[in-house]
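Comments concern the structure below.
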Amino acid sequence: MNGTVKKAIDKTLDWTLILILGSMSLLVAINVFFRFVLNSSIYWGDEVALVLMVWLTFLGAAVSTRENEHYEFKYLVHKLSGRSLKVYLFSRHIINIIAILILGYYSGLVAIQIHSWILPATEISRSFVYGACPLGCVFMLIYSVEQFISDIKRSR
Amino acid sequence: MTIILLVCFFILLILNVPIAFCMLISSLVALLYAGVNPIMVGLETARSLASFYTFLAVPFFILAGEIMSYGGLSKRLVQFVKSMVGHHKNGLPAVTTISSQLFGAVSGASAATCAAVGGVMIPAMEKQGFKRTFSTALAACSGTTGALIPPSIVLVIYGTVANVSIEKLFVGGVIPGLVVGLGLILVSWNYSRKREIIKEQKSSLSEIGKSLYESFFTLFLGVIIFGGIILGIFTATEASAVAVIYAAFIGLFVYKKLKLKDLPKILLSSAKLTAALSFLIACASLFAWTLSIGNVPAVLTSNLVSFSESVTGILGTSLSPETLAILKKVIILLVLNISLLMVGMFIDIAPALLIVVPVVLPISEAIGMAEGLAAIHFGVMVVANLIIGLVTPPVGSTLFVASAVGKTDILAMTPYVLRFLGIMLIVQLMITFIPAITTYLPSFMG
């Protein structure tokens with residue numbers, strides 16, 4: 001993938017995560033302040049925090065894919081070398097890509113079908129909440145394919 | 001269907017596919033085999049998101065922990081503990097244990113705790129004459145026990161998945177956590193008794209006062225969080241958000257160690273840690289649902305119950321029905337303890353919890369531990385049990401981290417690890433069979 005494009009995606013995702021977590025913490029803390037000091041709470045506070053958490057999950061999962069930070073069971077890999085390592089790495093990439101495609105496709109379907117349902121407090125469509133999953137999958141796919149290609153290049 | 005699900009899952013797991021993806025693919029394959037509409041893959045992952053409000057405490061506590069490290073709050077805490085007990089012959093092991101518990105509670109990841117505290121304390125202990133292998137073993141074991149001390153991220157995950165009060169789990173984990181910590185200190189005391197140890201100079205009263213003054217704001221954070229939760233002022237999520245703002249304020253304006261330009265870096269690393277966890281939760285919810293479609297938890301529970309009945313049957317019918325019922329419960333709990341230990345040996349605690357909890361919850365129902373304080377007891381027991389697996393040689397995942405941090409061989413650490421494991425197992429049995437250890441404190445809550 002073009003280096004500049006990749007950097008732009010990396011930066012955008014990183015800053016989105018920073019903003020999401022930052023505003024989430026502020027929102028919940030301010031809501032606590034409202035409840036205890038001013039005796040009234042922001043009625044949409046909890047709902048927006050929840051939506052932000054969902055977005056954090058799936059965009060963050062894309063970043064975890066980029067940095068190989070998903071939870072894994074890491075015992076077998078250290079014992080492989082040479083050809084077997086290569087075969088193993090390729091099959092692992094392909095399995096990952098299949099998983100991302102499956103999740104992206106079905107969560108996308110759900111996000112589309114659910115569009116007429118709205119959230120109670122903010123009255124936005126639930127598609128906006130569940131849309132985080134397919135979008136996160138798009139980024140996960142980009143990173144997985146990119147890693148796959150760079151592994152192929154390296155092995156030559 | 002169940003066999004397909006599990007075989008598929010374990011093959012992918014061994015292939016080092018991310019655990020979240022293992023759950024996704026194996027669930028899809030099993031659902032397709034059973035003729036269930038695969039759109040459930042999307043629906044079930046989406047449904048899990050509704051439970052994310054309680055989970056919000058996780059990113060906030062991670063964030064608060066990171067801010068505390070950056071802002072110099074954690075270091076002052078270690079310094080304070082050191083000034084209090086560092087001059088005793090067994091001082092530094094005690095400092096290691098207590099600091100690990102405090103740090104592990106906020107960071108929630110035993111590997112990170114082991115690296116953070118071990119990195120400082122292993123060299124310090126070696127200088128005093130402790131064997132490096134011993135210190136590394138202690139850092140590994142104490143690093144894992146923080147998961148019982150509030151605000152523990154692991155307990156939040158358990159509460160989210162099992163739908164149990166996180167506030168009560170927090171309060172319930174306190175005494176078990178302290179007992180394990182005390183056990184570790186006792187074992188290391190027994191070790192240092194027989195060795196030549198160079199003692200640290202005793203801190204003068206003014207020095208203790210100074211370190212208390214310097215760590216006051218950090219200690220006060222503990223009071224806010226714990227006091228707020230136990231008095232029912234805050235929920236765990238609210239307490240965690242307050243902790244973030246408090247830690248940032250103290251770090252920025254009081255200790256002035258934290259710079260505004262550090263914040264994006266801290267936020268990003270906390271966001272990444274959180275997402276790896278919450279993404280796993282989303283996929284685990286699908287996996288748990290597929291397991292229940294395959295009737296796995298129910299079948300497992302009924303098998304376990306009939307196993308306990310056949311064992312008590314051999315023991316004879318001369319016992320009273322009450323004793324028989326207790327005996328059955330004891331057998332089920334023992335089998336559960338051993339199985340959880342084995343799961344914990346191979347899989348890190350968060351994914352292990354997500355896989356195990358949906359399966360063991362029906363068991364808790366069968367032995368009458370699904371409601372009220374008994375449910376809290378059950379949760380703390382499961383978490384404490386999985387922790388032990390993290391440091392069980394030769395595969396416990398925290399051992400690998402510890403051996404890298406302490407630059408020693410796992411094999412060389414093993415004799416010491418086994419001593420600590422011994423005490424951890426004893427405490428585990430106490431937690432399992434003496435409910436009051438866990439339920440005494442939460443019984444005061446409304």
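The values are calculated or read from the model by the stated rules, or taken from the named source; none is laboratory data. Just so you know, these numbers come straight off a predicted model, no measurement behind them. So basically every Cβ, Gly included, is an ideal-geometry build from the backbone, and we count neighbours across all protein chains shown.
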### Message
Among the residues of the stretch B:96-108, are any on the phi > 0 side of the Ramachandran plot and within 14 Å of chain A (Cβ to nearest Cβ)?
### Response
yes
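Against the condition at the interface with chain B (Cβ under 7 Å from one of its Cβ atoms), assigned to a helix (DSSP H, G or I), more than 14 Å from B:Ile281 (Cβ to Cβ) and of a type outside the set (D, E, K, R), how does A:Val63 come out, does it pass? Write out each step before concluding.
On the way: at the interface with chain B (Cβ under 7 Å from one of its Cβ atoms): yes; assigned to a helix (DSSP H, G or I): yes; more than 14 Å from B:Ile281 (Cβ to Cβ): yes; of a type outside the set (D, E, K, R): yes.
Taking the combined requirement at face value, the residue satisfies it.
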### Task
Report yes if A:Ile112 is farther than 25 Å from B:Ile355 by Cα and in contact (Cβ under 8 Å) with a residue 12 or more places away in the chain, otherwise no.
yes
#### Entry: Unmet criterion (only one of (1) over 17 Å from the mean Cα position of the chain (by Cα); (2) surrounded by 15 or more Cβ atoms within 10 Å (Cβ to Cβ); (3) among the charged types (D, E, K, R)) for A:Lys79
(2)
### Summary
When every residue in the stretch A:99-114 that is assigned to a helix (DSSP H, G or I) and more than 7 Å from chain B (Cβ to nearest Cβ) is compared, the one surrounded by the most Cβ atoms within 10 Å (Cβ to Cβ) is A:Ile100
### Task
Answer with yes or no whether A:Val63 is touching a residue at least 40 places away in the same chain (Cβ under 8 Å), surrounded by 13 or more Cβ atoms within 10 Å (Cβ to Cβ) and within 18 Å of B:Ile62 (Cβ to Cβ).
yes
### Query
Would a scan of the stretch A:63-71 turn up a residue that is at pLDDT 85 or above and within 21 Å of A:Leu50 (Cα to Cα)?
yes
### Query
Listed residues A:Phe139, A:Phe58, A:Phe73; which is part of a helix (DSSP H, G or I) and facing another protein chain (nearest Cβ under 9 Å)?
A:Phe58
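State all residues of the stretch B:264-279 that are in contact (Cβ under 8 Å) with a residue 24 or more places away in the chain and out of contact with any Leu (no Cβ under 6 Å at 6 or more places or on another chain); if no residue qualifies, say none. Steps first, answer last, please.
In the first step, residues of the stretch B:264-279 are kept if they are in contact (Cβ under 8 Å) with a residue 24 or more places away in the chain; the result is B:266-267, B:269-271, B:273-274, B:277-279.
B:Ile266, B:Ser269, B:Leu273, B:Thr274, B:Leu277, B:Ser278, B:Phe279 - these are the residues of the stretch B:264-279 that are in contact (Cβ under 8 Å) with a residue 24 or more places away in the chain and out of contact with any Leu (no Cβ under 6 Å at 6 or more places or on another chain).
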### Task
Specify the residue that is farthest from the other protein chains (Cβ to nearest Cβ); the eligible residues are those in the stretch B:32-47 that are part of a helix (DSSP H, G or I) and out of contact with any Leu (no Cβ under 8 Å at 6 or more places or on another chain).
B:Tyr33
### Summary
Residue set A:Ser127, A:Ser116; condition in contact with a His (Cβ under 7 Å, 6 or more places away or on another chain) and under 25 Å from A:Trp44 (Cα atoms); output residue A:Ser127
### Task
Take B:Val29 and decide whether it is surrounded by fewer than 22 Cβ atoms within 10 Å (Cβ to Cβ), away from every other protein chain (no Cβ under 14 Å) and assigned to a helix (DSSP H, G or I).
no
### Query
Does A:Leu38 qualify as being within 11 Å of chain B (Cβ to nearest Cβ) and surrounded by fewer than 17 Cβ atoms within 10 Å (Cβ to Cβ)?
no
### Message
I'm trying to understand the selection: among the residues of the stretch B:332-385, which are of a type in the set (D, E, K, R) and within 26 Å of B:Ile62 (Cα to Cα)?
### Response
B:Asp348
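Can you say whether A:Met53 is more than 14 Å from the chain's Cα centre (by Cα), in contact (Cβ under 8 Å) with a residue 24 or more places away in the chain and either buried (at least 20 other Cβ atoms within 10 Å of the Cβ) or not in a helix (DSSP H, G or I) (or both), as far as the supplied structure shows?
Considered against the rule, which asks whether it is more than 14 Å from the chain's Cα centre (by Cα), in contact (Cβ under 8 Å) with a residue 24 or more places away in the chain and either buried (at least 20 other Cβ atoms within 10 Å of the Cβ) or not in a helix (DSSP H, G or I) (or both), A:Met53 comes out as no.
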### Query
Of the residues A:Arg92, A:Arg83, which single one is in a helix (DSSP H, G or I), facing chain B (nearest Cβ under 9 Å) and basic (Lys, Arg)?
A:Arg92
### Considering residues of the stretch B:326-349 that are more than 14 Å from every other protein chain (Cβ to nearest Cβ) and charged (D, E, K, R) only, the residue surrounded by the fewest Cβ atoms within 10 Å (Cβ to Cβ)
B:Lys329
### Message
Against the definition (closer than 28 Å to B:Ala57 by Cβ, over 22 Å from the mean Cα position of the chain (by Cα) and within 7 Å of another protein chain (Cβ to nearest Cβ)), how does A:Val32 come out, yes or no?
### Response
yes
### Query
Which ranges mark the helices (runs of 4 or more DSSP H) fully within the stretch B:224-316 that have 1 or more residues being more than 14 Å from chain A (Cβ to nearest Cβ), surrounded by fewer than 16 Cβ atoms within 10 Å (Cβ to Cβ) and not small (Gly, Ala, Ser)?
B:296-314
#### Entry: Boolean, B:Gly72 is touching a Lys or Arg at 6+ places or on another chain (Cβ under 7 Å), more than 9 Å from chain A (Cβ to nearest Cβ) and surrounded by fewer than 23 Cβ atoms within 10 Å (Cβ to Cβ)
yes
### Message
A:Val48 - would you say it is facing chain B (nearest Cβ under 10 Å) and out of contact with any Pro (no Cβ under 7 Å at 6 or more places or on another chain)?
### Response
no
